[in-house]
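Student: Handing you a structure now.
FYI, it's all coordinate maths here, none of it is from the lab. Nothing here was measured: the structure is a model prediction, and the numbers come from that model. Please note: Cβ atoms are built from the backbone with ideal geometry, for glycine as well, and neighbour counts cover all protein chains shown.
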């Protein structure tokens, strides 16, 4: 029976985020692998026991008698690998792995979610998302170009290290081919990100006023400032009289000072997953003018409540969402305004939204099984 070492360290909080997309992806795959495939392989895992991890993960490990190591940094996996005679190593976020951590005969599998730091290294409004006065435009441009060069080398190191690569979209797969033309696609497979676990029945409906929802107010890659500029222009023209705007993610003071109609906004910092679901369920429109996505889960979270979404017409999003959303050029303020006006007056058919969600969810469920079988090499 093969021994699988599964990385849960990268499912733990990253920076100030208690929960993050990569972490939820890892936990979902881990749960399915343990519940359905533990009779076909021996699963061993690790995480930092001094940091937060969901209680249900701890209970699953205990109830399924999964051997679990306490480590503080990723390089400590060398000790586990040597002690446990590991056959396969899997990481859902493999970007910090190095060749010297592994013996030659171990199969290394990892998920590459996207090449964001290469594809989109800077934006002209990046400086607005920080209140640090030294964080000026020229400094950002110089530093991000240096980081982009470094990141390209880092990704290449990880891609060369992995024996098998999982991508969450065709866009990501062919982005690897684009930036690294010498890389063969023979060891790259595409499996959709799995469905996020949430109990929809427990979500409340506490909002009477219509609102447009935006996420990532504190992250320039999510492009909230251009969305705000579009909305402010509509407010100036006397439009959107029946709407307020809810933005999740702490806006910088620089951006706040540029909002003339601040009373029309509800600005939230970090929110718990249950609160975020409440916001998805009760919004009238979900606006997602992101500048880069390897997959792009948030519109799915709104569409499962049959919400009309406006999303960027770039990277992976058209591949995932088909004709079930309104697309916009995320760099064009007037086009974003156009789509908002259309969405407020002409909602996308719920039949179209439901059909696309069913299609996406079906593939997500199928691919969750496929990715687990791919990790444990069930057919090898």
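Student: Considering only C-alpha atoms, what is the centroid distance from segment 211-236 to segment 295-345, in Å?
Tutor: One Cα centre to the other: 13 Å.
Student: Note the full-extension length gain between residue 256 and residue 180 as 0.36 nm times their separation in residues minus their Cα-Cα distance, in nm to one decimal.
Tutor: On the way: separation 76, 0.36 × 76 = 27.36 nm, distance 4.02 nm.
Net length gain for the segment: 23.3 nm.
Student: Tell me the angle of helix 333-345 to the major Cα principal axis of the chain, expressed in degrees between 0 and 90 and rounded to the nearest ten.
Tutor: Between the helix axis and the principal axis of the chain, the angle is about 80 degrees.
Student: Only helical DSSP H runs with n ≥ 4 go in: add -39500 (n - 2.57) per run for the chain, normalise by residue count and round the 222 nm mean residue ellipticity to 500 deg cm²/dmol. Write out the running numbers ahead of the final one.
Tutor: Details: 13 runs with 151 residues, N = 380.
Mean residue ellipticity, 222 nm, calculated: -12000 deg cm²/dmol.
Student: Tilt of helix 273-282 relative to the longest C-alpha principal axis of the chain, in degrees (0 to 90, nearest 10)?
Tutor: Approximately 40 degrees, to the nearest ten.
Student: So how far apart, in nm, are the two label points at residue 331 and residue 153 if each is 7 Å from Cα heading toward Cβ?
Tutor: Once both label points are built, they end up 2.8 nm from each other.
Student: Now a separate question. Expected output is a single nm value to one decimal: the length gained when fully extending between residue 187 and residue 55, i.e. 0.36 nm times separation in residues minus the C-alpha distance. What is it? If you can, show how the numbers build up before the last one.
Tutor: Values: separation 132, 0.36 × 132 = 47.52 nm, distance 3.49 nm.
Separation in residues times 0.36 nm, less the Cα-Cα distance, equals 44.0 nm.
Student: Same structure, new question: Place a point 7 Å from Cα of residue 32 in the direction of its Cβ. Which residues in segment 167-186 have their backbone N less than 12 Å from it?
Tutor: The answer is none, because no backbone nitrogen lies closer than 12 Å to the label point.
Student: Starting with the fewest neighbours, write out 372, 68 ranked by other beta-carbon atoms found within 10 Å of each beta-carbon. Provide the component values of the computation, followed by the final result.
Tutor: Values: 372 23, 68 17.
By the 10 Å Cβ count, ascending: 68, 372.
Student: Helix 170-179 against the longest principal axis of the chain: what's the angle in degrees, Cα atoms only, rounded to the nearest 10?
Tutor: Roughly 80 degrees between the two axes.
Student: Provide the FRET efficiency to the nearest 0.05 for the residue 341-residue 366 pair, computing r from the beta carbons and using R0 = 45 Å. Intermediate results must be reported in sequence, preceding the final value.
Tutor: Values: r = 38 Å, r/R0 = 0.84.
Computed FRET efficiency for residue 341 and residue 366: 0.75.
Student: Once you have the alpha carbon radius of gyration of segment 200-361, what is it after dividing by 2.2 N^0.38 Å, with N set to its residue count? Show your work: numbers first, answer last.
Tutor: Values: Rg = 14.7 Å, N = 162, 2.2 N^0.38 = 15.2 Å.
Computed over Cα atoms of segment 200-361, the ratio equals 0.96.
Student: Hey, another quick one. Of 297, 371, how do they rank once you tally other Cβ atoms within 10 Å and put the fewest first? The partial results should precede the final answer.
Tutor: Values: 297 19, 371 27.
Lowest count first: 297, 371.
Student: At what distance in angstrom do the alpha carbon centres of segment 1-53 and segment 64-126 lie from each other?
Tutor: 11
Student: Here's something else I'd like to know. For segment 47-137, what's the radius of gyration and Dmax over Cα atoms, in angstrom?
Tutor: In order Rg, Dmax, the Cα atoms of segment 47-137 give 18.7, 53 Å.
Student: Compute the Cα gyration tensor for the chain, then decide on rounded, prolate or oblate, letting a ≥ b ≥ c be the square roots of its eigenvalues: rounded whenever a/c is under 1.5, prolate when a/b is larger than b/c in the other cases, and oblate in all that remain.
Tutor: Values: a/c = 1.88, a/b = 1.58, b/c = 1.19.
Prolate shape, in that a/c is at least 1.5 and a/b is the bigger ratio.
Student: Describe numerically, in nm with one decimal, the distance between label points set 7 Å from Cα along Cα→Cβ at residue 65 and at residue 105.
Tutor: My value for the distance between the label points is 2.7 nm.
Student: Evaluate the distance, in nm, between pseudo-label points positioned 7 Å from the Cα of residue 73 and of residue 263 along their respective Cα→Cβ axes.
Tutor: 5.4
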